[in-house]
Amino acid sequence: MLAEIGSRIRRRETPFYDWLYRTAKRLRALDMPPVRAIYGPLRSEREVRRTAWAGLTRFLYHEPIFRTYCAQCGKGLHLIGGIPQVFGDLRLEVGDHVTMHGVSTFEAGKVAAQPTLAIGDHSHLGYQLTISVGARVDIGRHVLIATRVALIGYDSHPLDAVKRIRNEPPDVGGAESISIGDYAWLGMDVLVLKGVTIGEGAVIGAGSVVTRDIPPYTLAAGQPARVVRNLGPDSAKEASCG
């Protein structure tokens with residue numbers, strides 16, 4: 001019955017249904033005035049409640065569960081927005097005061113015997129990070145990794161088409177290590193491929209595809225990434241000492 005009435009209103013079959021249609025449209029266009037005396041305190045209450053709930057679930061639920069995935073995990077772990085997804089037989093080694101986002105994926109490849117992801121002290125792993133570990137991925141201390149970065153340490157499928165059709169694992173040579181040096185900074189949407197070493201204090205520009213080693217304390221950008229200029233190491237070391 002209600003569905004039939006709603007259909008008649010949408011079709012505006014009679015003057016009465018037309019009036020109901022136009023009245024509903026006017027009501028939908030109304031805006032509730034933001035009376036600050038009322039909605040200001042309500043906004044504050046909402047923010048406090050959400051912050052308190054997020055902190056409570058992080059402390060009592062997300063972080064203890066994530067620690068069960070780790071072979072070792074230091075103090076001061078900080079998870080933002082949930083628990084990262086962990087797939088495969090991955091060995092996780094996490095240092096002290098590491099920050100990571102729940103919307104992240106850590107995956108172990110099927111080639112190496114014990115794929116290992118090691119994350120150094122005081123590093124920050126950004127939102128929507130993807131790490132596919134071939135043999136090993138090492139992330140140093142005080143490393144900053146921005147949003148939607150991908151570290152791909154192995155070929156997901158064999159190069160041979162017949163093997164792909166058979167769902168065979170990647171070739172043995174399709175898995176290599178990735179190393180990110182201390183104080184490095186990877187910008188948004190960076191892709192780092194297998195076998196790459198990014199040196200200490202290096203900066204990788206947003207959107208870059210890193211296919212070869214990047215020297216320490218250099219700025220690299222592009223597809224593929226190339227060194228743009230040299231950077232001085234003093235600022236990073238002074239900041240870490242402070």
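The values are calculated or read from the model by the stated rules, or taken from the named source; none is laboratory data. Predicted model, so just to flag it, every value in this text is computed and none were measured. All Cβ positions, glycine included, derive from the backbone under ideal geometry; neighbour counts span all protein chains shown. Keep in mind that these areas ignore ligands, DNA and RNA; they rest on the heavy atoms of the full protein, side chains included. Shrake-Rupley method; radii C 1.70, N 1.55, O 1.52, S 1.80 Å.
Data table
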| quantity | calculated |
| --- | --- |
| The range 183-237, subset in a loop (DSSP other than H, G, I, E, B), of a type in the set (Asp, Glu) and over 19 Å from the mean Cα position of the chain (by Cα), residue surrounded by the most Cβ atoms within 10 Å (Cβ to Cβ) | 200 |
| Boolean, residue 146 is without any contact (Cβ under 8 Å) to a residue 60 or more places away in the chain and buried (at least 19 other Cβ atoms within 10 Å of the Cβ) | no |
| Per-region count, the range 112-155, residues part of a loop (DSSP other than H, G, I, E, B), at pLDDT 95 or above, under 20 Å from residue 189 (Cβ atoms) and not charged (D, E, K, R) | 9 |
| Qualifying residue in the range 168-182 (condition: more than 16 Å from residue 119 (Cα to Cα), under 14 Å from the mean Cα position of the chain (by Cα) and in a loop (DSSP other than H, G, I, E, B)) | no |
| Pair list, Cβ < 8 Å and 6+ apart or interchain, from the range 155-176 residues that are within 16 Å of residue 136 (Cα to Cα) to residues that are in a helix (DSSP H, G or I) and open to solvent by less than 70 Å² (accessible area, probe 1.4 Å) | 155/174 |
| Residue in the range 71-82 that is of a type in the set (D, E, K, R) and within 30 Å of residue 203 (Cβ to Cβ) present | yes |
| Any strands (runs of 3 or more DSSP E) falling wholly within the range 24-111 and containing at least 2 residues that are in contact with a His (Cβ under 6 Å, 6 or more places away or on another chain) and surrounded by 11 or more Cβ atoms within 10 Å (Cβ to Cβ) | 78-80 |
| Test: residue in the range 156-174 that is of a type in the set (Gly, Ala, Ser), open to solvent by less than 60 Å² (accessible area, probe 1.4 Å) and either at pLDDT 95 or above or in contact with a strand residue (DSSP E or B) (Cβ under 6 Å, 6 or more places away or on another chain) (or both) | yes |
| Out of 60, 2, 56, 79, sole residue that is within 35 Å of the chain's Cα centre (by Cα), over 30 Å from residue 133 (Cα atoms) and without any contact (Cβ under 8 Å) to a residue 24 or more places away in the chain | 56 |
